[in-house]
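Values quoted throughout were computed directly from the atomic coordinates according to the rules given, and no laboratory measurement underlies them. Every value quoted in this text rests on a predicted model; they were computed, and no experiment measured them. Note that each Cβ is placed from the backbone with ideal geometry, even for glycine, and that neighbours are counted across all protein chains shown.
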Amino acid sequence: MVNIQMTGAQMVLKAFEDHQVDTIFGYPGGAVLPIYDELAKERDTNQPIRHYLVRHEQGASHSAEGYARSSGKVGVMLVTSGPGVTNSVTGLTDAMMDSIPIVCISGQVPTHLIGTDAFQECDAVGITRPCTKHNWLVKDINDLSRILHEAFYVASSGRPGPVLVDIPKDIQFQTGTYIGPETVKHKSYRPKLKANIDQIDDALKLIAEAEKPIFYTGGGVINSGNAAVQLLREFVRLTGFPITSTLQGLGAYPGDDSQFIGMLGMHGTYEANMAMNECDLMINIGARFDDRITGKIDDFSPNSKKIHIDIDPSSINKIVKVDVPLIGDVAHVLEDSIKLWKSKVYKINKTPLKEWWKTIDKWKEKDSLKFASDKNTIKPQYAIQRLYELTKEKDVFVTTEVGQHQMWAAQYYKFSNPNRWITSGGLGTMGFGLPAAIGAQVAHPDKLVIDIAGEASILMCIQEMSTAIQHKLPVKIFIINNQYMGMVRQWQELLHDKRYSHSYTDALPDFVKLAEAYGAKGIRVQKPNELDKAINEMIEYDGPVIFDCVVEQNENVYPMIPSGKAHNEMLLGDETKKEEISDEGKVLV
Amino acid sequence: MSEIVSKHTVSVLVDNEPGVLARVIGLISGRGYNIDSLTVAEVDAEKHISRITIVAPGTEQTVNKMISQLQRIVPVKRAANVTFEKQGIEREMALVKIVSTGEKRVESMRLSDVFRARVIDTTHDSFVFELNGSPRKIDAFIDLMKPLGLSEVSRTGVVAIARGTEKM
């Protein structure tokens, strides 16, 4: 059965079946009609592929991401040529930045029309080359099955990422030989999973000697899978070291555990950033020294030795020079590390570690996430705190848009499991949250999925409400509504003398009526004492909800490392004396 | 790390498949790096491996970053800095056309001998010289030819390889 004859369109569906794909997000169009025709024919079979019809291809790409990020599986999308592809570019770039496995199948004009500026033709592989991990234009029907198998392999192995397979319409109609995935092996791409054991031993020696150590973990732990998460927890508990996480890594280690000292970076906790600054050993697991994490690079953790575990060799020494690089998959490296730690009977340096914890506890006393409550207006931080308190007993999946609400969600919503926190970190894509929530809800039909949104971001992909209604996906959209593009306003306040250039939205829709127009439920809350009841009403409603939470307009996200500053130069709140931000700092984003 | 801008030679081994050169060049130009020269040819016909040699100006840091980014491209097997000053050997070929008569013509012929250039085409008024060597040697030859009727130059760009037993 390995080699069978079928059309190109049938091969696409056969490859989906062979790679256990049962869900795709897409939008039909001229150049993918043969594939859509196969989907229609397949609808009456036992296990048809579930196709979710989005309202814009950007929605398809973020939904595929939400599906992938919440389930650990590959997200699959199907779009037509030309605008279908160009509309997908934002989502593909987003997946590229955050290392999310996506397979995008795009239609292309027939081969004889390629290069003629045909209707809905675009150079799909050219346009998506820098925003995919790899892409292919299929020019021969007999290459198609091999390419499809390679696409799934490349997307999901090593450092995951999005791939695109561009299939001209005539190839979809042609008949050729389908070869099964078991016989296809990529020519050269073989990411290294296990790290060098001598280097692991070097790392363990540093860990045993360390006096002021810290674990700094990222999205790589979550990408590596559940085994990595369990091993990380074991290793962190074994050592008793403090642990901080990047935005992408939240949930890998329980957010309410006593060893967890909060998120680090630009809006991370005081204790996490101070500990990064003053540590003598940094153990980076699956993070990439992003500029949001390091602050001013010259003053980044000046006195520490650094261990860096990463599956992507090109991440090593890219931004920060490290002492012990461990190239491999997080789960494999941690498994070997724990084994070796036990067999060599290494012991941690207990007395200095106690002192280190005392120092950290002192920093904690600053209570950098405190905020002043108000009786009359809802503070955005309070809204998210209440949302967390009222939902924490459930297994909740939270997506976000991008901006202040995203940072508050990261600070005040605590995650005890991986894949529950789904946010656009690298690219920072406004409009991500709603379609991502749809993808997460598709992957977890019985779970509570909440998109914590801002009123500006949500409007960027609001059309996906229609998708949620059509496919009966009860996503909850919790809008922190301050009428400003809050993060833009905050930067204009801090860096541009409060000249609020075009960051105020003057003509917002009535979100309650908007919800109703789509056939969803709308809720608006303006008073703190009404909040709990309304949140419960939202949770209990069986269907999509738009929750318009009207909050204090001038609240800023603190703590904050201003641009161009180091970890130990944080602003803790509006009351702290603001130093002039240097011209050098102003040009940073 | 050194902040000095100098020329770096980077060798990249790639699977010879459609679009691979566009991937490499697109990454370099897209990230704002410059290229002085670029050569590419298949070096293993059985395994379909090509070798790309790029000469790019930059600090050691920017070139290292560029190499890191290149290594993320799926069909890139290896990328390394093989700059001459470190351990590499660099060679380039040039075709140089001289249009002149009389004393200048004789002088260009005499100098080409010093540089071990070969005459591969001639008329009464012109020569085409073929010259191999390091890029510096070729630069020097071209400089000397300028007052002697230099008309046109075509250069291959640099190819490079490590000395001794070292393999990329």
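A few remarks follow.
- Scanning residues 5 or more positions from A:L281 or on other chains, those with amide H under 5 Å from its amide H are A:K212, A:I214, A:K305, with H placed 1.01 Å from N in the peptide plane.
- Note on A:Q526 and B:R78: the model spin-label points, each 7 Å out from Cα along the C-beta direction, lie 7.0 nm apart.
- With eigenvalues of the C-alpha gyration tensor scaled by 5 and rooted, segment A:380-550, Å: 24, 18, 16
- Sequentially through segment A:279-284, phi angles give Karplus couplings (6.51, -1.76, 1.60; θ = phi - 60°) of 5, 9, 8, 10, 10, 8 Hz, Gly and Pro residues having no value and appearing as x.
- Extension gain, A:S258-A:I297: 0.36 nm per intervening residue step, less the Cα-Cα distance, totals 11.1 nm.
- Across segment A:11-85, Cα-Cα pairs more than 16 Å apart make up 48 percent of the total.
- A cut-off of 5 Å between modelled amide H atoms, ignoring neighbours fewer than 5 places along the same chain, links A:D451 with A:T399, A:K476, A:I477, A:F478.
- Computed across segment B:89-160, the Kirkwood hydrodynamic radius from all distinct Cα-Cα pairs reaches 12.0 Å.
- Sorted by Cβ density within 10 Å, fewest first, the residues A:S258, A:S224: A:S258, A:S224
- Sites A:V589 and B:E60 - FRET efficiency at Förster radius 25 Å, r taken between beta-carbons, to 0.05: 0.45
- Computed from label points 7 Å out along Cα-Cβ, the spacing between A:N142 and B:R91 is 3.9 nm.
- Here the 3J(HN,Hα) profile of segment B:151-156, calculated from phi with Karplus coefficients 6.51, -1.76 and 1.60 at θ = phi - 60°, is 10, 7, 10, 10, 10, 7 Hz, Gly and Pro shown as x.
- Within segment A:290-305: backbone nitrogen closer than 18 Å to the A:T359 label point (7 Å, Cα to C-beta): A:299-305
- 19 Å cut-off, amide nitrogen to a point 7 angstrom out along B:N34 Cα→Cβ, residues in segment B:70-112: B:83-84
- Per-selection Rg to Rh, chain A - Cα, Kirkwood hydrodynamic radius: 0.98
- Low-density loop positions, trypsin sites (Lys or Arg not before Pro), segment A:398-492 - DSSP coil, at most 13 other Cβ in 10 Å: A:K472
- Sites matching trypsin sites (Lys or Arg not before Pro) across segment A:1-56 that sit in DSSP coil, with at most 12 neighbouring C-beta atoms within 10 Å: A:R43
- Residue order, fewest to most surrounding Cβ atoms within 10 angstrom, among B:V5, A:V76: B:V5, A:V76
- For peptide B:65-72, the mean count of partner chain Cβ atoms within 10 Å of a residue's Cβ comes to 4.
- The label-point distance for A:T183 and B:V99, in a model that sets each label 7 Å from Cα toward Cβ, rounds to 6.1 nm.
- For segment B:6-83, Kirkwood radius (reciprocal of mean inverse C-alpha pair distance, Å): 12.3 Å
- For segment A:493-543, the Kirkwood estimate of hydrodynamic radius, built from reciprocal distances between every pair of different alpha carbons, is 13.8 Å.
- With at most 15 neighbouring Cβ atoms within 10 Å, loop chymotrypsin sites (Phe, Trp or Tyr not before Pro) (DSSP) excluded, longest segment of chain A: A:120-499
- Summarising the amide proton neighbourhood of A:Q174: residues at separation of 5 or more, or on other chains, whose placed amide H is nearer than 5 Å comprise A:G8.
- Sites A:D367 and A:K392 - FRET efficiency at Förster radius 22 Å, r taken between beta-carbons, to 0.05: 0.60
- Pairwise FRET efficiency - A:E17 versus B:A45, Cβ, R0 = 35 Å, nearest 0.05: 0.40
- Applying D = kT/(6 pi eta Rh) to segment A:148-226, where Rh is the Kirkwood radius over alpha-carbon pairs, T corresponds to 25 °C and eta to 0.890 mPa s, the Stokes-Einstein value obtained is 144 µm²/s.
- Shown here for segment A:338-395: trypsin sites (Lys or Arg not before Pro) in loop regions (DSSP other than H, G, I, E, B) with at most 12 other Cβ atoms within 10 Å, namely A:K344, A:K347, A:K370, A:K375, A:K394.
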